[in-house]
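Chemist: Questions regarding the structure given below will be posed in turn.
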């Protein structure tokens, strides 16, 4: 899913950059975050041992990070292929900072 999403963003980079810019309507970004958070809760956290409040914090951290990484990628002129960006995002989500050592 991540690769397809990033390919779509790359194909529509001008509009995506506008929608994710600091001057855009914040409601668009919040709607995107809400949809992504719901997806994560449904598909990743359904069998978690953490309480709901803790999962909300983790979810917010992951989604906010992804949005900012995508914004940065757009600002850098899509300097990496969507597949490479998907690998970076997925590796960090799945393995966290411990993989960086």
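Chemist: Consider region 67-101. How many of its residues are surrounded by 14 or more Cβ atoms within 10 Å (Cβ to Cβ) and farther than 16 Å from residue 7 by Cα?
Modeler: Total satisfying the criteria: 2.
Chemist: In region 80-97, what residues are part of a helix (DSSP H, G or I) and free of Cβ contacts under 8 Å to residues at least 60 places away in the same chain?
Modeler: 84, 87, 88, 91, 92, 93, 94, 95, 96, 97
Chemist: So, in region 25-79, of the ones that are part of a loop (DSSP other than H, G, I, E, B) and at pLDDT 90 or above, which residue ends up farthest from residue 93 (Cα to Cα)?
Modeler: 77
Chemist: Select from region 1-24 the residues that are surrounded by 10 or more Cβ atoms within 10 Å (Cβ to Cβ) and part of a loop (DSSP other than H, G, I, E, B) and list them in ascending order.
Modeler: Passing the criteria: 12, 20, 21, 24.
The values are calculated or read from the model by the stated rules, or taken from the named source; none is laboratory data. All values reported here derive from a predicted model rather than from experimental measurement. Positions of Cβ are generated from backbone atoms using ideal geometry, with glycine treated the same way; all protein chains shown enter the neighbour counts.
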